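See below for the structure under consideration.
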There are 2 protein chains.
Amino acid sequence: MNYQLILRMVGRTLLLKSACLLLPLFTALYYGETILPFLYTIAIILVVAIPLSVLKSNSQFFAKEGFVIVASIWVLFCLFGSLPLYFSGHFNSYVDCLFEITSGFTTTGASILTDIEALPRGILLWRSFSSWLGGMGVLILTLAFLPNAGKRAHNIMQAESPGPVKNKFVPKTSSSSKILYSIYVILTVAEIVALCIAGMPAYDSIVHSFATICTGGFSIKNTSIGAYNSATFDTIISIFIVLSAINFSYYFLLVTKRVRSVLSSDELRTFIGILFVSITLITINLFVSSHDITQQGLGTTLRYVSFQVFSIASTTGFSTADFNLWPQFSRILLLILMVIGGCAGSTAGGIKVSRFLLLSRSISRDLKKLSHPRSLKVVKLDGKVVDDPTIERVLVFFACHATILAITCLIVSLDNFSFTTTVTAVFASIGNIGPGLDLVGPMGNYATFSDLSKIALSLCMLIGRLEIFPILILFMPSTWRNS
Amino acid sequence: MNYQLILRMVGRTLLLKSACLLLPLFTALYYGETILPFLYTIAIILVVAIPLSVLKSNSQFFAKEGFVIVASIWVLFCLFGSLPLYFSGHFNSYVDCLFEITSGFTTTGASILTDIEALPRGILLWRSFSSWLGGMGVLILTLAFLPNAGKRAHNIMQAESPGPVKNKFVPKTSSSSKILYSIYVILTVAEIVALCIAGMPAYDSIVHSFATICTGGFSIKNTSIGAYNSATFDTIISIFIVLSAINFSYYFLLVTKRVRSVLSSDELRTFIGILFVSITLITINLFVSSHDITQQGLGTTLRYVSFQVFSIASTTGFSTADFNLWPQFSRILLLILMVIGGCAGSTAGGIKVSRFLLLSRSISRDLKKLSHPRSLKVVKLDGKVVDDPTIERVLVFFACHATILAITCLIVSLDNFSFTTTVTAVFASIGNIGPGLDLVGPMGNYATFSDLSKIALSLCMLIGRLEIFPILILFMPSTWRNS
C-alpha cells in the first residue's frame with residue numbers, strides 16, 4: 001500500500017473541500033448569520049490537510065490504492081463536513097451532524113431534523129451544497145481540476161462511477177470528467193433559472209436545485225416541496241429530477257448529435273417504461289381504494305403520483321404528498337422503485353436499472369440453458385455482448401446488497417421500532433433515497449434512532465453511494481496485507 | 001416435447017397418490033368418521049390417471065421433459081390432493097383447500113384454519129401425511145418404486161433435489177433414492193416411538209412426526225406444540241427437527257463409517273454455528289428487553305428460544321411461544337433464519353446454508369479480485385473447488401428468489417394488510433416455513449387473505465419447494481417451442 005500517495009491525495013482533496021466551505025460562509029455573511037462554524041471548520045481542515053498535501057511519494061498506484069483513496073476521502077468528507085453543523089449549535093450531538101452530512105454527501109437526503117425551517121440559511125445551504133458536491137462524486141470534481149492526477153484517474157473512476165459498465169466519451173479521463181462536470185453545472189443552473197422565473201425565491205431555488213440535480217432531496221421546508229403547493233414548481237422539479245436520473249453520457253451524445261444511440265438505449269427505455277407503468281398502477285390503486293387524494297380529480301392525482309414516482313425512482317426523496325398513507329400496494333411498489341433506482345452513469349442511487357436488466361437477462365439465459373442444455377445464448381445490453389465476469393460482478397453486487405441490508409436491519413432493529421420503520425429506513429439509506437415508510441416516511445425523520453443506528457445507517461449510505469465494493473474493500477484484511 | 005411420456009409418468013404417479021389416500025381413509029374408518037371425501041377423490045383420480053398411465057410413448061427424454069414432469073406432478077398433486085378437504089365440507093372454498101394442501105405438499109405448514117381442532121382426524125392426518133409425502137419429493141418416492149424409470153431418473157433428480165450441488169451415494173439413481181427414502185422412514189418411525197414413549201397419544205405422535213421429518217410444521221393443535229406445554233415433547237421434537245434439516249446423505253455416510261467427511265462438512269458446521277449464535281443473540285435480546293418469557297428463568301427461556309430457532313431455521317414452523325411478540329431484533333433475526341433455511345439435501349426449505357456459503361465465498365473472492373486484479377482465487381466447498389457455472393447458478397437462484405419475492409409482495413399487497421403481514425407472509429411461503437409475523441404470526445393464520453393472494457402464495461410455495469427453476473421453466477415460452 002502506497003500510504004504517502006494516499007495521504008497526499010486525501011490532503012489535496014480536503015483542501016479543495018475547505019474552499020467549498022466558502023460558499024455557505026458567504027451566504028451566512030449575506031444573511032447576517034454567524035460565520036464562525038465555517039471558519040472553525042476551515043481552520044481545522046487546513047491544519048490537517050496542508051501537511052498531508054505536501055507529502056512526497058512515488059507514483060506506484062494500483063487498484064487497491066484507488067479504492068482506499070475513494071473510500072477514505074468520502075469518510076473524511078463526512079467527518080469534517082459535519083463540523084459546521086456541530087459548531088452551529090443547532091444539533092443535539094456530533095453523531096446527528098455526522099448522519100445529516102453523510103446523508104448529504106451520499107445524496108440520500110434523510111434527515112434527523114424535526115424543524116428544518118428553524119436552521120440558519122448558511123447551514124441549510126451547506127447541507128444541500130454538500131449533497132450537490134457528493135452528487136457527481138467529489139473525486140471526479142477533483143480530477144477535473146487536478147490535471148496531474150492523469151494516469152491514476154482510471155483506477156479512481158473505476159471505484160467511483162455509478163453503474164456496472166464504464167463509459168468513456170473521450171480517451172482522457174480528466175477530459176471525460178470535465179464534460180460530466182459541465183453537464184452537471186449546466187443542469188443545475190438551468191433549474192435555478194427555471195425555478196426563479198416560475199417565482200420561487202432565489203435562495204430556495206438554489207438550494208432545491210442543488211438537491212435535485214444530485215438526486216439528494218434535502219429541502220429547506222418541513223413538508224418538502226409540498227410546502228409550496230405549486231403545480232409549476234412540481235413540474236419543473238419533476239423534469240430535472242428525471243433528467244438527473246438518466247445516464248449523463250446521453251447528454252454528451254445528444255450534443256454530439258448521436259441521437260440514435262440515446263434512443264436505442266435499453267436502460268433508458270426500461271427506466272421510462274418503469275416510470276410510466278408505476279404511475280399508472282399507483283393511480284389505479286389510489287382510485288380503486290378511493291384514497292382522499294383522488295377526490296381532487298384525475299389531473300391532480302396524476303400530478304401527485306408522478307411527482308412521488310419520479311422522486312422515488314430517481315432516489316431523490318422530495319415529496320409533495322405523504323405516500324406513507326397510500327394503500328399497501330402503492331407503498332410496496334414505491335419500495336421496489338427505491339431498490340431499482342435510476343440509470344447507471346447518473347447521480348441516482350439504488351441498484352440501477354441496467355443492473356436489473358443484466359440480472360433479468362442472465363436469469364432468462366440460465367433458465368433456457370437448464371431446459372435446453374446445449375443452447376449458447378449470450379447476454380446483451382444495447383446490442384453488445386456482456387461478458388461473464390461483468391455479469392458475475394452484477395450478481396455478486398446484488399448478493400452483497402441483500403447481505404448488507406440484512407445485517408443493517410439487525411443492527412437498527414435493536415432500537416425496537418416497527419418492522420416497517422426498521423426495514424424501510426435501511427432500504428432508504430442503502431439506496432440513497434431518504435424517506436421510507438412509517439416513522440421515516442416522507443413526513444417523518446430519523447431523529448428518534450439511537451446513535452448506533454444512525455452510524456449504521458450512515459455507513460449504509462456510504463456503502464450504497466460508492467456502489468458497495470470500495471467500502472467493503474476498506475474492511476478486508478487482504479487489502480492491508482502486502483502481497 | 002414428448003407429451004405422451006409426460007402424461008404417462010404423470011398418470012402413474014397419480015395412481016400412486018390414490019394409494020396414499022388409503023392411509024387417511026382407514027384412519028377415518030377407525031375413528032368412525034365419514035370416508036366419502038377420500039372415496040370420491042380416489043374415484044376421480046382413477047378416472048383421470050388410468051387412461052394416462054397406459055399411454056404408449058417413445059423414451060425420448062431430455063432435461064426440459066424432466067422439469068415439466070416434476071412441475072406438473074406437483075401442481076396436479078396439489079389440485080387433486082385438496083379434494084378430500086373440499087368434500088369434507090369443513091372449508092369455505094376450493095381455493096382454501098388448495099392453499100392448505102399446497103402448503104402441505106410443499107412442507108410449508110401455513111394454514112387458513114382458524115380452529116384446527118374442529119376437523120375430523122382423517123382429514124388432519126391427510127393434511128400432515130401430504131406434507132410427509134411432499135417432504136422427500138414425491139418423485140424420489142416414485143423412483144424408488146418404479147425401477148423402469150431408470151435412465152430418466154437423473155434428469156428428474158436434477159429438477160427436484162434440494163440444493164446447489166448434487167450428491168450421489170451409489171451409481172444407480174434408483175438405489176440412491178431407496179437409501180434416502182429408508183432414512184426418511186427410519187427417522188419418522190423413531191420420532192413416533194420416542195413421542196409415544198414420552199406420553200404423547202399415538203395419533204398425535206404420528207401426525208406430528210409426519211410434520212416434523214418433512215420440516216412441514218402442520219400441527220393438530222390450535223396453539224401448535226405449545227399446547228402440550230411439555231419440556232420432554234419439546235426436546236424430542238427439537239432433536240428430530242434439527243436432524244431433518246441436515247443433509248440426509250450424512251446419515252448414509254455415518255452408517256458406512258465415514259464420520260470424518262460428515263464432521264468436515266462446511267455446511268453442517270455453519271448450520272450448527274448459525275443455530276448456536278441465533279439462540280444466544282435472541283436469549284440476550286429477550287433478557288435485555290426484559291420480555292415476559294425471561295421471568296421463568298434462563299433454563300425455560302433457553303428452551304423456548306431454542307425450539308423457535310430450530311423450528312424456524314429448519315423451516316418447520318412449529319411453535320411453543322409467540323415470537324411475534326418478541327422484540328424487533330429477535331423477529332428480524334428469525335426472518336433472516338427463514339431466508340437462509342436448512343442444509344441442502346435435507347427436507348428443509350429456504351435458500352439453504354450451502355448456497356449462502358458459496359455466496360459469501362464468491363463475494364469475498366470478487367472483492368479480493370477487485371483490489372488485487374491478478375489474484376487467482378477459487379471458491380471451495382468442503383475443500384473441493386466449485387466451478388464458475390455452479391456459482392453463477394447460485395447467484396442467479398438468489399436473484400430469482402428476490403425477484404419472485406418482490407412480485408408476490410406486490411400481488412399480496414392488494415389485500416392492503418400491514419407491510420409486515422404482507423412481506424413476511426411471502427417470505428414464509430417461498431421459504432416453506434409457515435408462520436411469519438403480525439397476522440400470519442405463529443398464533444395467526446392465512447384465513448383473511450383474498451383468493452388471489454392465496455393462489456399467489458400457493459404458487460410461491462411451489463416455486464420455493466422446487467427450488468425455483470422447474471416452475472419458472474414451465475412458464476417459459478421456449479420450453480414449449482420445438483427446437
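The values are calculated or read from the model by the stated rules, or taken from the named source; none is laboratory data. Bear in mind the structure is a predicted one, so any value in this text is a computation, not a measurement. In this analysis, Cβ positions are derived from the backbone assuming ideal geometry, glycine residues included, and neighbour counts consider all displayed protein chains. Note: accessible area is taken over every heavy atom of the protein model, side chains too, but ligands, DNA and RNA are not part of it. Shrake-Rupley method; radii C 1.70, N 1.55, O 1.52, S 1.80 Å.
It is to be established whether one or more residues within the range B:399-411 are in contact with a Lys or Arg (Cβ under 8 Å, 6 or more places away or on another chain) and at pLDDT 85 or above. Working first, answer last.
Step one: filter the range B:399-411 for residues in contact with a Lys or Arg (Cβ under 8 Å, 6 or more places away or on another chain), giving none.
For the range B:399-411, residues in contact with a Lys or Arg (Cβ under 8 Å, 6 or more places away or on another chain) and at pLDDT 85 or above: absent.
With the checklist (1) closer than 23 Å to A:Asn247 by Cα; (2) within 9 Å of another protein chain (Cβ to nearest Cβ); (3) out of contact with any His (no Cβ under 9 Å at 6 or more places or on another chain); (4) among the hydrophobic types (A, V, I, L, M, F, W, C) in hand, flag the one item A:Val339 doesn't pass.
(3)
Quick check on the range B:54-61. Is at least one of its residues within 14 Å of chain A (Cβ to nearest Cβ) and touching a residue at least 12 places away in the same chain (Cβ under 8 Å)?
Among the residues of the range B:54-61, at least one is within 14 Å of chain A (Cβ to nearest Cβ) and touching a residue at least 12 places away in the same chain (Cβ under 8 Å), which makes the answer yes.
Taking the range B:188-220, which residues are open to solvent by less than 20 Å² (accessible area, probe 1.4 Å) and among the aliphatic types (A, V, I, L, M)?
B:Leu195, B:Met200, B:Val207, B:Ala211, B:Ile213, B:Ile220
Considering the range A:219-275 alone, what residues qualify as being under 27 Å from A:Ile112 (Cβ atoms), out of contact with any Phe, Trp or Tyr (no Cβ under 9 Å at 6 or more places or on another chain) and outside any helix (DSSP H, G or I)?
Of everything in the range A:219-275, those that are under 27 Å from A:Ile112 (Cβ atoms), out of contact with any Phe, Trp or Tyr (no Cβ under 9 Å at 6 or more places or on another chain) and outside any helix (DSSP H, G or I) turn out to be A:Asn222, A:Thr223, A:Asn229.
Hey, among B:Leu76, B:Leu25, B:Leu98, B:Leu29, which residue is over 24 Å from B:Gly434 (Cβ atoms) and under 25 Å from the mean Cα position of the chain (by Cα)?
Every option except B:Leu25 fails the conditions.
Do any helices (runs of 4 or more DSSP H) lying entirely in the range B:1-82 carry at least 2 residues that are modelled with pLDDT under 90 and open to solvent by less than 20 Å² (accessible area, probe 1.4 Å), and which ones are they?
Hits in the range B:1-82: B:3-20, B:63-81.
Among the residues of the range B:303-336, write down those that are among the aromatic types (Phe, Trp, Tyr), part of a helix (DSSP H, G or I) and within 14 Å of chain A (Cβ to nearest Cβ).
Across the range B:303-336, the qualifying residues are B:Phe323, B:Phe329.
Anything in the range B:182-227 that is hydroxyl-bearing (Ser, Thr, Tyr) and farther than 22 Å from B:Thr27 by Cβ? List them, or say none. Walk me through how you get there before you give the answer.
Looking only at the range B:182-227, we keep the residues that are hydroxyl-bearing (Ser, Thr, Tyr), and these are B:182, B:184, B:188, B:203, B:205, B:209, B:212, B:215, B:219, B:223-224.
Answer for the range B:182-227, where residues must be hydroxyl-bearing (Ser, Thr, Tyr) and farther than 22 Å from B:Thr27 by Cβ: B:Ser182, B:Thr215, B:Thr223.
Which of the following residues is in contact (Cβ under 8 Å) with a residue 60 or more places away in the chain and open to solvent by less than 10 Å² (accessible area, probe 1.4 Å): A:Phe248, A:Phe252?
A:Phe248 is the lone residue from the list that is in contact (Cβ under 8 Å) with a residue 60 or more places away in the chain and open to solvent by less than 10 Å² (accessible area, probe 1.4 Å).
Regarding the range A:464-478, can at least one residue be identified that is more than 10 Å from chain B (Cβ to nearest Cβ) and in a loop (DSSP other than H, G, I, E, B)?
Yes; the residues of the range A:464-478 include at least one that is more than 10 Å from chain B (Cβ to nearest Cβ) and in a loop (DSSP other than H, G, I, E, B).
Look at B:Ile336 and say whether it is open to solvent by 20 Å² or more (accessible area, probe 1.4 Å) and modelled with pLDDT of 95 or more.
Spelling it out, B:Ile336 is indeed open to solvent by 20 Å² or more (accessible area, probe 1.4 Å) and modelled with pLDDT of 95 or more.
Do you know which of the residues in the range A:272-289 that are touching a residue at least 12 places away in the same chain (Cβ under 8 Å) and closer than 16 Å to A:Ser314 by Cβ is surrounded by the most Cβ atoms within 10 Å (Cβ to Cβ)?
Taking the candidates together, the pick is A:Ile282.
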